[in-house]
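A.B. asks: Right, I'll just put the structure down here and ask away after.
Only the coordinates and a few stated rules stand behind these numbers; no lab work does. None of these values were measured; they are calculated from a predicted model. Here the Cβ positions follow ideal geometry from the backbone for every residue, glycine too, while neighbour counts run over all protein chains shown.
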Amino acid sequence: MYIFKKESIENVGFSATQKQMADDIGISESYFSKVINNKRKCSKLAAYAITKRFHRDKEIEDLN
């Protein structure tokens, strides 16, 4: 299970709303919000999708 570093998410900046980003990834907005706010861990697949949605050139380890 993966959890995002608070510092890494704060420095990312959002190019879209949380709802738009969650829809792009294929997860619910509430799940997305909990994951990026460190209230819930996520699977490797979800961590990969979220990481790539924030930065295409980053890897999971860069944000987790």
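A.B. asks: So for the pair THR17, LEU45, with labels modelled 7 Å out along Cα→Cβ, what separation do we get in nm?
C.D. replies: Each label point lies 7 Å from its Cα, and together they span 2.7 nm.
A.B. asks: Another one. Amide H to amide H under 5 Å from LYS58: which residues, 5+ apart in sequence or cross-chain, H placed 1.01 Å off N in plane?
C.D. replies: It is none; the list stays empty.
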